[in-house]
Structures are given as C-alpha cells and as structure tokens.
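Here is the structure we will look at.
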Amino acid sequence: MSQFAVTDDGVHLHIEDTSEGVPIIFVHEFGGDQRSWEPQVRHFSRRYRCVTFNARGYPPSDVPEDVSKYSQARAVDDIRDVMDHLKISHAHLVGLSMGGFATLHFGLTYPERAKSLVVASAGYGAEKEFQDYFKEVSKEVAQQFETLGSEAFSHIYGMAASRIPFLVKDPRGWNEFRVMLGEHSAKGSANTMLGVQADRPSLYDLEARLENLNIPALVVVGDEDDHCLNPGIFLKRVIPTSGLHVIPRTGHTLNLEEPDLFNQVLAEFFSMVEENRWTSRDPRSKPSEIMKTS
C-alpha cells in the first residue's frame, strides 16, 4: 500500500507497505530509491511485511530546498518516523550504502527498535586516508547534479568503478538502475550528497560505540567494491554480534547485481535471529590467538 509519513520536522516521505508478518524496513542507497528493493520485496513479502520508503530529496517524497534539512542524524530519525507512522515497534533493518550507514546509526541510536541490522556496501568515506578526498568529491558530485541535471549526470555517475561489475554482469539491470538514477531530483541529490554523504562521521570514529552494539548484525560487501572491503572487515571485528558475508566478483549495487544470493543470505540470517541462534562471538574465540599450546 502506498502512503506518506510526515516526519517530526514536517517532511512527507513516500512509503510502500507490502504484505504481513515480521516487518523488514529497507533503506536505499544514494544512487537508488525504494524501487531498488523490488527483488527483495518480491521475495520476502511471501513471509514478511516489507516496507520501503524514499528518503527526503527523492520524489515523490518531499525535496527540502535547505541543505540543513539533510544529515546523517536526520536520516536516522526519518527511519524512526516511518516506523512510528506504520505503528511498527521494532523490525529487521536492511540498508545499502547510504542506507547502510543510516541503518547502522539507527541501531546505535534506537537499539530497542531493531530486531537486526543488515549493513550492505557501507564504507565510502569511512577510510581515514580517503576521508578528505571523499568530502571534496561529494561536493563535486553535488555540483554536477545541479549543473548537468540528473539524467545527463546519471551516465557519468553510473560508470563509477564499483558499478562496472554490475554493467558487465547484467547490462539490462545496470541500465534500469541508471535510468532510475536519471529520474531523481537534481536538487534533492545535491542536497543529500552535501548534507548526508559529505558530513557523515567515519565508521572508525564510532569504534567505542560499535563495540557495545549487541543487536544481531550482518555486514555484506562485494569483493570488487574496494572501498567497502576494509570497512566491512572493521565492522566485523568491532561489533561483537556481527557476521561478514563477502560476495565474489560483485560491486557496490549487490542487491541488484546478485539478488538471489543476497536474498538467500538475508533469509538465513533472519531465520537465525528469530530462533535466537545469532549470538555474540564466543569469548574463547580470541582474535589474537593463532594456535593453542596449553
């Protein structure tokens, strides 16, 4: 069912609410929108209540003109406001890239409302050595959206290195992604890039908080998504309740590039969480130990 939630700062967010059961909230990436989750909704709505929504800046959700209306913290509260509108007390959360960051921050901010966290393709701008570079490139991307418009710039942005595996593997799927990107609001994309992407904290700055996160968490990365690999390993090492799944020969848009495998991995994860079998790492399994001698 299609509807709108109104956030506590007055922004209308477009929601699609499908089926019944334990809820899953899907949070999209910068280059996608709620339509990007179609392979997951078609699969999981057979058993779960599936909720997708367009972030602020992505029509038919509102597109605030003021960049101060966009931030990492605001993205987290938008998830909360969607859940409140639908009267969902807690849910599995699945986020990709920008949505992965929002999902992780949601778990840190509202842990009592998350049954589990799936953090996929999250890492851009997190690596300390590339943090300043990422901020500058984010500003350039925002300027290009405003200067060229979304449709023209989608042909450039869609050819980023981490999107090439998708193009090579599934040209038709990649073109569908590129066309949807070209339909986005140029102003909304620019403001999202400046307010959310460029200013979000590095994952490495969250280490102390992540070490205390006790929500079941699954980190998923593609092995050809180079700037997400090391952050993915970092998340696995610091979140005691986390597991890491690496999908081979796969780039950034992994839920579309390998939908069947992605769905299979998530289904197994949700099942283990619901059976209370996804627990913290056993303390006897010490990362520092190589072999036992006594």
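Numbers below:
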read-out: Neighbourhood net charge (9 Å Cβ-Cβ; Lys/Arg +1, Asp/Glu -1) for Ala91; value: +3
read-out: Top positive-direction residue, dipole computed over the range 173-224 with Cβ charges, set Ala208, Ala198, Val220; value: Ala198
read-out: Computed [θ] at 222 nm, helices only, for the chain once each DSSP H run of length n ≥ 4 contributes -39500 (n - 2.57); value: -12000 deg cm²/dmol
read-out: The range 138-281 - charge dipole about Cα centre, Lys and Arg +1 at Cβ, Asp and Glu -1, debye rounded to 20; value: 180 debye
read-out: Local electrostatic count, Glu183, Cβ distance below 14 Å [Lys/Arg +1, Asp/Glu -1]; value: 0
read-out: Net charge of neighbours whose Cβ lies under 15 Å from the Cβ of Ser288, counting Lys and Arg as +1 and Asp and Glu as -1; value: +3
read-out: For the range 163-214, the spread of Cα positions along each principal axis, largest first, Å; value: 42, 30, 18
read-out: Candidates per trypsin sites (Lys or Arg not before Pro) in the range 31-71, loop by DSSP, up to 16 other Cβ within 10 Å; value: Arg46, Arg47
read-out: Relative contact order of the chain, pairs being alpha-carbon contacts under 8 Å that are 6 or more residues apart, as %; value: 19 percent
read-out: Cα gyration tensor category, rounded, prolate or oblate, for the range 135-280 with a/c compared to 1.5; value: oblate
read-out: Under 24 Å from Lys115, Cα to Cα: lysines that are on another chain or at least 8 residues apart; value: Lys87, Lys236
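We did not get these values from a lab; they are worked out from the coordinates using the rules stated. Keep in mind the model is a prediction, meaning the values are calculated, not measured. Every residue, glycine among them, receives a Cβ derived from its backbone with ideal geometry; neighbour counts consider all protein chains shown.
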